[in-house]
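Contents: one structure, followed by commentary.
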Amino acid sequence: MMYRAGPVELASCSFGQSSKVSYLQMLTAVAAIVNGGRLMQPYVAATAVDADGVTLWERQPTVKRQVISEETSATMRALMEGVVTTGTGKNAAVAGYRVGGKSGTSQKLDSDDPRARIASFVAVAPIDDPKLAVLVCLDEPHSWTTSGGSLSAPVCAEVLEKSLPYLGIAPQFTEEEQQKLFAAVPDVTGWRTGAAKLKLAEYGLQADITGEEERVVSQYPLPGVQVRKNSMVFLDTTGEYDPTLEE
């Protein structure tokens with residue numbers, strides 16, 4: 001039986017209502033939107049390897065057809081990046097990477113509860129050269145909100161933050177991110193231990209003190225080294241540790 005959409009259905013479909021798709025279909029559509037408009041054949045696994053390390057089979061990316069133009073795809077990437085930088089998807093931002101995304105809060109059509117919702121967010125990175133897309137859907141979340149940007153976007157960010165370096169995509173921090181995330185280790189050699197701990201705290205760093213002597217004899221990392229804030233700086237009060245050995 002053919003489904004005929006009337007004016008109401010056409011209007012509601014334009015913002016995602018009245019239609020049901022699988023999560024794989026949704027992610028496939030998003031991939032087509034950001035990769036130049038090419039609709040790809042989805043597959044669950046890229047390669048199968050046996051116990052001896054021999055490749056049994058390997059899938060290759062297959063383009064099914066062009067669904068939107070490359071120009072439209074570029075426009076959509078810019079709009080999706082705006083969702084994360086200035087819109088409802090700020091919780092999907094990952095320092096060092098350009099992320100694009102879109103939030104979703106949909107009614108659950110097959111639920112007896114009229115208030116039932118699915119909170120979702122899809123994130124793509126790097127949005128200027130897409131390599132990874134993540135879709136997180138929370139089925140009837142029991143929270144203060146059902147907003148995908150509030151609940152699902154942070155999960156997307158955590159997945160991207162851990163997955164992108166694994167794929168060999170290194171972060172490129174802006175100057176603002178660099179100042180926010182990193183600090184140069186101050187020189188506290190010769191300081192009293194209590195004062196040294198306070199000085200490190202000013203820089204957002206922690207102290208791990210070896211020995212119970214009054215003053216710091218050596219430290220590691222060495223002064224001036226850039227480290228992530230909240231990192232540990234090892235302070236030796238015994239004189240038995242030579243930090244130059246770590247160079």
* **Pair-distance profile P(r), taking every C-alpha pair of segment 99-228, with 5 angstrom steps and integer %** => 2, 9, 14, 12, 10, 9, 10, 10, 8, 7, 5, 2, 1, 1
* Asked: What is the chain's relative contact order, in percent, from Cα pairs under 8 angstrom and six or more apart in sequence?
  -> 12
* To do: Could you state the angle between the C-alpha long axis of helix 70-85 and the longest principal axis of the C-alpha atoms of the chain, as a value from 0 to 90 degrees rounded to the nearest 10?
  => 50
* To do: Could you work out how far helix 153-166 tilts from the main Cα principal axis of the chain, as a 0 to 90 degree angle to the nearest 10?
  => 70
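Quick check on segment 1-122: what does the Kirkwood estimate of hydrodynamic radius come out to from the alpha carbon pairs, in Å?
Working: mean 1/r = 0.0573 Å⁻¹.
One decimal place: 17.4 Å for the Kirkwood radius.
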* Asked: Of the trypsin sites (Lys or Arg not before Pro) in segment 65-120, which ones lie in a loop per DSSP and count no more than 16 other C-beta atoms within 10 Å?
  -> 108, 115
* Run the quick spin-label model on residue 50 and residue 162: label points 7 Å from Cα toward the beta carbon, then report their separation in nm to one decimal. => 3.3
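Could you work out how much longer the chain between residue 142 and residue 40 gets when fully extended? Use 0.36 nm per residue separation minus the Cα distance between them, nm to one decimal.
Values: separation 102, 0.36 × 102 = 36.72 nm, distance 3.49 nm.
Roughly 33.2 nm would be gained on extension.
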* Structure fact -> Taking 0.36 nm per residue of separation between residue 69 and residue 112 and subtracting their Cα-Cα distance, the length gained on full extension comes to 11.4 nm
* For the chain, list log₁₀ I(q)/I(0) at each q in 0.11, 0.13 Å⁻¹, using the Debye formula over Cα point scatterers of equal strength and ignoring solvent, two decimals each. => -0.79, -0.93
* When the chain is treated as a GNM, springs tying every alpha-carbon pair under 10 Å, which of 110, 50, 236 comes out with the largest mean-square fluctuation? -> 50
* Length released on extending from residue 225 to residue 95, taking residue separation times 0.36 nm less the Cα-Cα span -> 44.8 nm
* To the nearest 0.05, what FRET efficiency results for residue 232 and residue 177 with a Förster distance of 22 Å applied to their C-beta separation? -> 0.55
* So how many Lys-Lys pairs in the chain land under 29 Å Cα to Cα, not counting same-chain pairs under 8 apart? -> 26
* For the chain, built as a Gaussian network whose Cα springs stay under 10 Å, the top-fluctuating residue of 78, 45, 133 -> 45
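What's the magnitude of the charge dipole for segment 175-246 around its Cα centre, counting Lys and Arg as +1 and Asp and Glu as -1 at the beta-carbon? Answer in Debye, nearest 20.
On the way: 7 positive and 13 negative charges, 53 e Å.
Charge dipole of segment 175-246: 260 debye, to the nearest 20.
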* To do: Using only Cα atoms, locate the centre of segment 136-191 and the centre of segment 70-127, then give the distance between them in Å, rounded to an integer.
  => 16
* Name the chymotrypsin sites (Phe, Trp or Tyr not before Pro) in segment 109-188 that are in a loop by DSSP and that have at most 10 other C-beta atoms within 10 Å, would you? -> 144
* Cleavage-rule hits (trypsin sites (Lys or Arg not before Pro)) in segment 127-228: DSSP loop, at most 16 neighbouring Cβ within 10 angstrom -> 131
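Dipole magnitude of the chain about its Cα centre, charges +1 at Lys/Arg Cβ and -1 at Asp/Glu Cβ only, in debye to the nearest 20? Mind showing how you got there, number by number?
Working: 22 positive and 30 negative charges, 285 e Å.
Charge dipole, the chain, about its Cα centre: 1360 debye, nearest 20.
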* Along the three principal axes, how long is segment 175-246 when you take its alpha carbons, biggest first, rounded to the nearest angstrom? -> 38, 26, 15
* Measuring from label point to label point, each 7 Å out along Cα→Cβ, what is the residue 78 to residue 59 span in nm? -> 3.3
* To do: Measure nothing but the geometry: give the 0 to 90° angle between the long axis through the Cα atoms of 23-34 and the longest principal axis through the Cα atoms of the chain, rounded to 10°.
  => 80
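No lab work stands behind these numbers, since they all come straight from the coordinates. Every value quoted in this text rests on a predicted model; they were computed, and no experiment measured them. No Cβ is skipped: glycine too gets one built from the backbone with ideal geometry, and neighbour counts run over all protein chains shown.
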